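Here's the structure, in C-alpha cells; my notes come after.
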Amino acid sequence: MLSFKFPGSRFNRGVTAMAMLVAALFCWHSWDNPGAIFAHFRKAVADGLTFATSILGFLVAGFTVFATITKIEIFVSMARIEYENTRESYLKYNLNAFVLAFVHYIALVFFCIVAQLFGQTNGVLALVLHKLTSIYPTSEQTIRAATASALFTFFAAWMVYLLVLLKSFIYNTYQVLTTAVRLELQQGQDAEQSAKGSSEQP
C-alpha cells in the first residue's frame, strides 16, 4: 500500500496505543461480565456510525474546496518533485493523507453497519459463539469474553485513531494550501526576474 512508503505520525500511533491499553484494561477488569463489554461495544458502534457519517461530509467538502481553489499547474509541479527518496512524488504524498482518511472513515461506516446487523443481542454473532462452545472444550463465558474484549479493544483504538487522523487531515490541508501559495509566489518572482532581465538586454 502506498501509505506505508511515507512516514506516519508518532503522536497518532502513541495516542492509539494508549487508547488500546486503556480499553484492554477495562476488558480485563470486566472479564467475568462479557455482557457488559458487549454493551459498551454496541454503544460505541452506534456512536461511531453517527460520527463517521457526519465527518465524511466534512471530508468531502474540505477536499472539494481544496481541489477547486488549487491550480492544476501546482499539482503538476508537485508531481515532478520526489519526496525524500521514496521514489514517489510530493503530489502522491500530499494526496495520500486525504485518501487515507477517506478509506478509514468509509471502512468504519462499513464495519459499524455489519456490526449492527450481525452483532445485536441473540443475533448471528451470538449464535456463532454458542456453536463454538460445542466444538472447542472451552466455557461459553470465556469465548464470549475473549470475543467481546477483542472487538471492543480494536474498535476503541480505531475510533481514537480516526480522531487524531482527522487532526492530521486538517493540518495536511493547511500544509498543501500554504505550499500552493509558496509555489505561486515563486513562479511570480521568477516571471518578474525573467521580464526584468529581458528588458535590460540591449
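The values are calculated or read from the model by the stated rules, or taken from the named source; none is laboratory data. Treat the numbers as computed from the prediction; the structure is a model and nothing was measured. Counting neighbours? That spans all protein chains shown, and the Cβs are built from the backbone with ideal geometry, glycine included. In case anyone asks, the SASA skips ligands and DNA or RNA and just uses the protein heavy atoms, side chains included. Shrake-Rupley method; radii C 1.70, N 1.55, O 1.52, S 1.80 Å.
Applying a DSSP loop filter and a limit of 15 other Cβ atoms within 10 Å to the trypsin sites (Lys or Arg not before Pro) in the stretch 78-122 leaves Arg80, Arg87. For Asp47, Asp32, the ranking by accessible surface with the largest value first comes to Asp32, Asp47, using a 1.4 Å probe.
Projected label points at Met18 and Glu84, each 7 Å from Cα along the beta carbon direction, are separated by 2.3 nanometres. Less than 5 angstrom separates the built amide H of Ser89 from those of Tyr83, all sequence-distant by 5 or more or on a different chain. FRET efficiency for the Glu73 to Thr178 pair, using the beta carbon distance and R₀ = 22 Å, is estimated at 0.85. Listed values for the stretch 143-153 are Karplus-derived 3J(HN,Hα) couplings in whole Hz (6.51 cos²θ - 1.76 cosθ + 1.60, θ = phi - 60°), namely 5, 5, 5, 5, 5, 4, 5, 5, 5, 5, 4, and x replaces Gly and Pro. Protein heavy-atom surface of the stretch 30-92, 1.4 angstrom probe: 62% of the accessible area is carbon and sulfur, with nucleic acids and ligands not counted.
A DSSP coil position with no more than 11 other Cβ atoms inside 10 Å describes the following GluC sites (Glu not before Pro) in the stretch 44-124: Glu84. Derived scalar couplings between HN and Hα for the stretch 99-108 equal 5, 4, 5, 4, 4, 5, 6, 5, 5, 5 Hz in order, rounded to whole Hz, by the Karplus curve 6.51 cos²θ - 1.76 cosθ + 1.60 (θ = phi - 60°), x for Gly and Pro.
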